[in-house]
């Protein structure tokens, strides 16, 4: 009888341990899934996986220290940005802060020459949204996490152009600028699709970076570094089969729309004439 009782207790204990192990295993799997933030968990806004994009920490120099000439320029540009906020350019900067959802396609539609929408340009929209966080997150993640540079609005204890985002951004590294990386990467790809409007498109991508300075979210050096990460991310995307396939669909769609006369023509660039 005693042996039976001991055996029963051992079986019950084993069942409890097994159940606990299963619970911890599931929790561990869920925790791992939550840590993964790339194509594996969110394919709608990533083509790539962590480690595919060149490491921004290895690629970029360290952000400028407070005694450098570069930081003096950062300060000067920060002060310039504040003078622009109560102007039409400042209004654009506020809009440029919204990259979620269809914010990026909407920001580039005018420069691209046609509205980038789900109904009118579904393949181009899918391309632009699908590469967004490859540039904005994967392209900048390593340097952001390592340096965790304090953002200018936190450093100077001042408001940005949109105080609603300040609490969230105050815990996120400033260097390099993810928004700038998204804007520049998008501009490079859209200019490839519509080279006739490359001047308008690239200027729009450049301005998205300057908007971050105007709003006080980033230093100029953050923005300059963000253009580098955006460019190298595009280079890596071109080696990805899924991106290549979507880019082809986008180009095919664009050619059809242009043939139908639905794309605005580019602005001719004035050329200088010389006389003998």
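Here are a few things to note about the model shown:
- Qualifying residue in the range 114-135 (condition: closer than 15 Å to residue 222 by Cα and surrounded by 18 or more Cβ atoms within 10 Å (Cβ to Cβ)): yes
- Among the residues of the range 111-130, those identified as free of Cβ contacts under 8 Å to residues at least 60 places away in the same chain and within 18 Å of residue 188 (Cβ to Cβ) are 116, 125.
- Residue 140 touching a residue at least 60 places away in the same chain (Cβ under 8 Å) and under 20 Å from residue 108 (Cα atoms): no
- Among residues of the range 224-249 being touching a helix residue (DSSP H, G or I) at 6+ places or on another chain (Cβ under 8 Å) and farther than 30 Å from residue 64 by Cβ, the one that is surrounded by the fewest Cβ atoms within 10 Å (Cβ to Cβ) is 238.
- Filter result for residue 83 (part of a helix (DSSP H, G or I) and either closer than 27 Å to residue 44 by Cα or out of contact with any helix residue (DSSP H, G or I) (no Cβ under 6 Å at 6 or more places or on another chain) (or both)): yes
- In the range 53-71, the residues that are on the phi > 0 side of the Ramachandran plot and touching a residue at least 40 places away in the same chain (Cβ under 8 Å) never reach a residue that is surrounded by 14 or more Cβ atoms within 10 Å (Cβ to Cβ) and in a helix (DSSP H, G or I) with C-beta atoms less than 9 angstrom apart, at least six apart or across chains.
- Scanning the range 152-198 for residues that are in a loop (DSSP other than H, G, I, E, B), within 17 Å of the chain's Cα centre (by Cα) and surrounded by 16 or more Cβ atoms within 10 Å (Cβ to Cβ) yields a total of 5.
Read-outs: derived from the displayed coordinates by stated rules, not from any lab. Since this is a predicted model, take the numbers as computed values, not measurements. Virtual Cβ from ideal backbone geometry, glycine too; neighbours counted across all protein chains shown.
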